[in-house]
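Student: If you scroll down you'll find the structure; I have some questions about it.
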Amino acid sequence: MTDENPYESAKSAPPEAASGRAMAFVGKVALAIVALLLLAALLLPATRSATGAAHRNHCLSQLKQLTLAMANYEAVHGTLPPAYTVDAEGNKLHSWRTLLLPYLEMQPLYESIDLTKPWDDPANQHAREASIDVYNCPSAVHDEGMTTYVVVTGKGMAFDGPTPTKLSDVKDLESETLAIVDVNGKRAVHWMSPDDITLEQLEVFWTEEHGHHPGVVQAAFIDGRARALSQQMPLLQLRAMLTIAGGETIGEE
């Protein structure tokens, strides 16, 4: 007959054994944490890549939407929108981006703007404080109300200052003539501002700076297509894409 008391609590394990089990448990937890950290590190580049691709696609979709709005503007007015409007003295007033608002389902905002006064006049403060999603590339970093979607202005291009261009004036293929370029945050302008970018400025950006889509610059063409252009593309080819009657045939890259 045993002397053990059935109602007596189980004897505790020796301190050494309990300490060993605790250390083993801690070790397993530590290994699990390290494994999770390694897995996260492996997945992070893929996650960033997927996000970058989604942003690029969203940007291209917005550029297509803007060129569609330009086409609708042309159907009503008979010309592409001018790069900017001017008053009787030739002072800049409003951007092509403002003129596109009715064709982007933003008629009320457009009607709230006094087009006879400059974009930064106090009378246009309410509209100026509006943030327009379609003008915001999801990869761009800039202040509220700014945009990196610009046209290239100058003689021989689709946007020659305040002079609107007829599609009949575009002698080069519309599928090879640039309309809108997505630059970087450094060159961002307010979406209402009648300022964009000149050919000389674009060439500096192209050769000396980086956009927010690594290795490429997103752009839209007059025919409504949007695609990524390699930033390694020669300047001669870039210039050919900007002229409307240079007679060049660009072709696909």
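None of the figures in this text is laboratory data; all of them are computed from the coordinates on show. Because the structure is a prediction, the values reported are computed rather than measured. Virtual Cβ from ideal backbone geometry, glycine too; neighbours counted across all protein chains shown.
Student: Look through segment 102-113, keep the residues that are over 13 Å from Ala71 (Cα atoms) and within 23 Å of the chain's Cα centre (by Cα), and return whichever of them is surrounded by the most Cβ atoms within 10 Å (Cβ to Cβ).
Tutor: So, considering only residues that are over 13 Å from Ala71 (Cα atoms) and within 23 Å of the chain's Cα centre (by Cα), the one surrounded by the most Cβ atoms within 10 Å (Cβ to Cβ) is Met106.
Student: Can you pull out every residue in segment 173-209 that is free of Cβ contacts under 8 Å to residues at least 40 places away in the same chain, of a type in the set (D, E, K, R) and closer than 28 Å to Ile113 by Cα?
Tutor: Result: Lys186, Arg187.
Student: Something else now. Take the residues in segment 53-97 that are in contact with a Ser or Thr (Cβ under 7 Å, 6 or more places away or on another chain) and polar (S, T, N, Q), then tell me which one is nearest to Val217 (Cα to Cα).
Tutor: The residue in question is Ser95.
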